[in-house]
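Nothing in this text is a laboratory measurement; each read-out follows from the coordinates by a stated rule. This is a predicted model, so every value here is computed, not measured. Backbone-built Cβ (ideal geometry, glycine too); neighbour counts: all protein chains shown.
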């Protein structure tokens, strides 16, 4: 455990999580310095919310952060960033907000916190939201992390009995030092964030950092159906491995009995069946639900609470979200699909003909895996953003649908509305990040909904 008293703490980047970290530290008597690359006018709304006791600089990095005792980086800043390299060369510890919040919490409460940490390429937010609802219906729970509310924001209200449901990304898991969830869960691992991690192996290693500090009292909940996960379980040294599956019968773990629509758990500590009644579309959501059920039962949450919560759960914003039906054309907002695999999942979720809005900022993975499903299901592709030419060059030989270069989301929505026939679906599922034309995927989804609702 790192001693934090009387330390000067540096933060690189003034995004949402670091804004909360800076204010928490200033309000608890720490000396804080923030360095931000963007000019002041670009982050004015965050600076306006910054505690006046926080020292900061904008528009570049002066090197003053090298005077700090430890540094917290925004998750999106890669470890090969020149400033991170200088900090490491100066032997200054580097954390992300998740690790730092965990260290503060460990100094506040007397036992290991009740953390359930969920990661995966896709499905994190849906699983965390559902699991958070289940836990809230059982006892005091906070839901935080990559889902939108930083972990550190809740430290002062967490006690020994609180359940903490955390969404954690590969970026946040890179700098794990002591972070130890009671339950760590990996939903799936497919190609993503290679522009940040450089190689698939680095990406997998970051995900499996989730378990590095677990002991024999902790659980690793893993998707048995995912080959990348099964091939990497040798990385787990001390945890109790708990597999779940929606495709295979498991004699030790949790599996989805589709015929009776129930999750059957058969382990030495739990033998139970949980009925699944859900309105969420797609095979992937059955996977998310199965994972949430398994984590819930490890915490011995009563079956009736789990079943009732699943039945009432309506999904999350920007993930296969119904927006509007106009002239029997359905508009679906899947702005949270920021990688190819997520868009594949979206395409598998519908049987109706699809007009697919693709594009944004390219993340380095190929788009060709989409071709078989596009040939089966897609009537037109509407390309937007920076990745337009990259995607077009990879998909232009498809003969079964028309490709339009629309440039903007507004043009794509108008074109889709113009060409869609009754019974069709217009699906925003971009397979790219949003940062070329939008603040984030939420902003992109909100703009899409505004455009659709103005038709």
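Across q = 0.09, 0.21 Å⁻¹, segment 321-453 modelled as identical point scatterers on its alpha-carbon atoms has Debye log10 I(q)/I(0) values of -0.20, -1.28, in the order of the q list.
Could you list 245, 351, 337 in order of exposure, starting from the residue whose Cβ has the fewest other Cβ atoms within 10 Å?
Listing 245, 351, 337 from fewest to most nearby Cβ atoms yields 351, 245, 337.
Of 217, 284, 61, the sequence from fewest to most neighbouring Cβ atoms within 10 angstrom is 217, 61, 284. The ranking of 248, 309, 121, 141 by Cβ neighbour count inside 10 Å, starting from the fewest, reads 248, 141, 309, 121. When every Cα-Cα distance of segment 1-158 is counted in 10 angstrom steps from zero, the calculated P(r) takes the values 10, 38, 34, 17, 2 percent. Each of residue 279 and residue 322 was given a label point 7 Å from its Cα along the Cα-to-Cβ line. The distance between the two points is 0.6 nm.
Does the chain come out rounded, prolate or oblate, given a ≥ b ≥ c as the square roots of the eigenvalues of its C-alpha gyration tensor, rounded meaning a/c under 1.5 and, failing that, prolate meaning a/b above b/c? Cα axes put the chain in the oblate bin. Spread over its residues, the convex hull of the C-alpha atoms of segment 98-312 is 117 Å³ per residue. Largest first, the extents of the alpha carbon coordinates of segment 8-95 on the three principal axes equal 33, 28, 20 Å.
Mean projection of the Cα convex hull over all viewing directions, computed for segment 323-369: 3.8 nm². Here is how the number arises for the chain: DSSP H runs of 4 or more residues each give -39500 (n - 2.57), the sum is divided by the residue count, and the result at 222 nm is -9000 deg cm²/dmol. For the pair residue 418 and residue 249, the difference between a 0.36 nm per residue extended length and the Cα-Cα distance amounts to 56.2 nm.
For segment 399-451 versus segment 37-54, the inter-centroid distance based on Cα atoms is 32 Å.
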